[in-house]
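For reference, the structure discussed in these notes is given below.
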Amino acid sequence: MRAKGFQGTIANRKGATWGTAVAGGAGHGVYGLALATPGNTQLVEQKSLTGKITRRPSLLGNRIVDVTLKVELTYEGLETTLALLWGTAGVPSVVDTSARLHPLKLKDDLDGIFSTVAYELLKDTQVVEIPSVKWFRATLRAKSGEAIELEMQGIGFDYVTDSVINTTTTIDTVTYPSNREVAMFGHSAWEMNAQGGAGLGSSPLYTVGWEVTVERAFDRRISTRFGTKTSEPVPNGFAKVSGTWEFEILEDGTGGNASLMADQIAGNAKKATCTITGTTLAGAATQKFQHKLWFPHILLGEGKPDISDAGAVVWSQPWESFHVLTIPTGFTAGYLDACTYEIYSQKTTDALA
């Protein structure tokens, strides 16, 4: 038997006790583009003098496990994966009979919020398990004409190849949601206005690509509690919400971007939303499957258009979002976080239950 990527099954399930795995099963499947879980034991050089030009064999040090998961952004099935980073979910509200709204908010303290990742590396022969993963970064990337990609990064506890929890039998019980529609770049729409201005209903921003990153600062700590394995990571700084808008041309007017140059110089604050709407109804009549991100206070970073040839002037504008104390006009009550993430799907339970 030889390992083949197309046979891989990936499960991501919220855990309960750091270092103790839970089994993936029904509803825990994630459609992956790629999954990297290098679980390497560090080799510590022996430096003692022995009269030889070469060293004695290295010693075995700590177990370092980093996790990177890349997926196409689907409209259903990523509620838990995203909620593990945002930290606050709750029982979803009913919208249009059958649709459910999952508002994900940035929890200040992520203690106790992590997952078990398991995947079949060799069909019916080898399952790899990362018993606990603390997710610290999510990046959404969108390019014109392509599927939107989500990349998640995390710090793992250990790398296990002989688990009695996640086995070749349990991995076959992993299932996926019935709606498998993928979010495309053309499904996304940005609205932007002055932070203290009116609502966002008639303020489009036209891009050819965009990126959003939510990152929490965590330290990997390895103590005598777990020997050579990682304890539950602890925060070491502020979380950061940032992004970039890519433009194919410098233009003014409705949907234009030329005004961003003056806004950046003056330090004018903005507010924005990114709405990604599927083609399939999640509700009974009007509500479609959807992702929506809310940014209440944006400041523009260093980025200016350049004339590099005789063609169109293309450029990119980086930005960072911050939390607010007062809800800006046009925003939903309670959406004070630097990024609130709404998911409209048919998942009826709490994403972090």
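Laboratory data are not the source of any read-out in this text; all were calculated from the coordinates shown. Predicted model, so just to flag it, every value in this text is computed and none were measured. With ideal geometry, Cβ positions are generated from the backbone for all residues, glycine too; neighbour counts draw on all protein chains shown.
With a point put 7 Å past each Cα toward its Cβ, work out how far Lys123 is from Thr349 in nm, to one decimal.
In this crude label model, Lys123 to Thr349 measures out at 3.0 nm.
Bin all alpha-carbon pair distances of the range 259-353 at 10 Å intervals from 0 and give each bin's fraction as a whole percent.
All Cα pairs, binned at 10 Å, distribute as 13, 31, 30, 18, 7, 1 percent.
Length gain on complete extension for the stretch Thr17 to Lys70, per 0.36 nm per residue less the alpha carbon to alpha carbon distance? Walk me through the intermediate numbers first.
Values: separation 53, 0.36 × 53 = 19.08 nm, distance 2.52 nm.
Using 0.36 nm per residue and subtracting the Cα-Cα distance, I get 16.6 nm.
For the chain, what does the helix formula give at 222 nm: sum of -39500 (n - 2.57) over DSSP H segments with n ≥ 4, over the residue count, nearest 500 deg cm²/dmol?
-1000 deg cm²/dmol
Which ³J(HN,Hα) values, rounded to whole Hz and listed in residue order, are derived for the range 104-116 from phi using the Karplus coefficients 6.51, -1.76 and 1.60 in 6.51 cos²θ - 1.76 cosθ + 1.60 with θ = phi - 60°, glycine and proline given as x?
9, 10, 6, 6, 5, 10, 9, 4, x, 10, 6, 9, 9
From the Cα gyration tensor of the range 166-271, with a ≥ b ≥ c the square roots of its eigenvalues, which class applies: rounded if a/c is under 1.5, or else prolate if a/b is larger than b/c, or else oblate?
Oblate is the answer for the range 166-271, as a/c is 1.5 or above yet b/c matches or exceeds a/b.
Report the charge-dipole magnitude of the chain in Debye, nearest 20, computed about the Cα centre from +1 at each Lys and Arg Cβ and -1 at each Asp and Glu Cβ.
Numbers: 31 positive and 36 negative charges, 276 e Å.
Value, rounded to 20: 1320 debye.
When all alpha-carbon pairs of the chain are counted, what percent fall beyond 34 Å?
Above the 34 Å cut-off, the chain has 33 percent of its Cα pairs.
Write out the trypsin sites (Lys or Arg not before Pro) in the range 22-76 meeting two conditions: DSSP loop, and at most 12 other Cβ atoms within 10 Å of their Cβ.
Answer by residue number: Lys47, Lys52, Arg55.
Once Lys and Arg get +1 and Asp and Glu get -1 on their Cβ, which of Ser259, Ala282, Ala312 lies farthest toward the positive end of the dipole of the range 239-317?
My answer, from the dipole projection, is Ala282.
Of all GluC sites (Glu not before Pro) in the range 219-318, which ones are in loop regions per DSSP and have a Cβ with at most 11 other Cβ atoms within 10 Å?
Answer by residue number: Glu302.
Taking K and R as +1 and D and E as -1, what net charge do the other residues with C-beta under 14 Å from the C-beta of Glu76 add up to?
Taking every Cβ under 14 Å from that of Glu76, the sum is 0.
Taking a virtual spin label 7 Å from the Cα of Ala284 along the C-beta vector, which residues in the range 316-353 bring their backbone nitrogen under 20 Å of it?
Under cut-off, by backbone N: 344-349.
Using a/c under 1.5 as the rounded threshold, could you call the range 1-135 rounded, prolate or oblate? The axes a ≥ b ≥ c are square roots of the C-alpha gyration tensor eigenvalues, and prolate needs a/b larger than b/c, oblate otherwise.
Values: a/c = 3.31, a/b = 1.94, b/c = 1.70.
Since a/c reaches 1.5 and a/b is larger than b/c, the shape of the range 1-135 is classed as prolate.
How much net charge surrounds His297 when only other residues with a Cβ under 10 Å from its Cβ are counted (Lys, Arg +1; Asp, Glu -1)?
+1
So for Val324, Val117, Val241, Val67, fewest C-beta neighbours within 10 Å to most, what's the order? Please list the in-between numbers first.
Working: Val324 17, Val117 31, Val241 20, Val67 23.
Result, fewest neighbours first: Val324, Val241, Val67, Val117.
Across 10 Å bins from 0, what is the distribution of all Cα-Cα pair distances for the range 142-221, in whole percents?
Taking every Cα pair in the range 142-221, the percentages come to 12, 22, 28, 23, 10, 4.
Considering the dipole of the chain built from charges on the beta carbon (Lys and Arg +1, Asp and Glu -1) around the Cα centre, which of Ala183, Thr80, Val241 is farthest to its positive end?
Thr80
Please identify which residues in the range 278-303 have an amide N closer than 17 Å to a label point set 7 Å out from the Cα of Ala198, following the Cα→Cβ vector.
none
Find how much the distance from Ile265 to Val313 grows on full extension, using 0.36 nm per residue of separation minus their present alpha carbon separation; answer in nm with one decimal.
Answer, rounded to one decimal: 15.3 nm.
Assuming 0.36 nm per residue, please report the length gained on full extension of the stretch Lys143 to Ser98 beyond their Cα-Cα distance. Present the calculation step by step, with values, prior to reporting the outcome.
Working: separation 45, 0.36 × 45 = 16.20 nm, distance 3.11 nm.
Here the answer is 13.1 nm.
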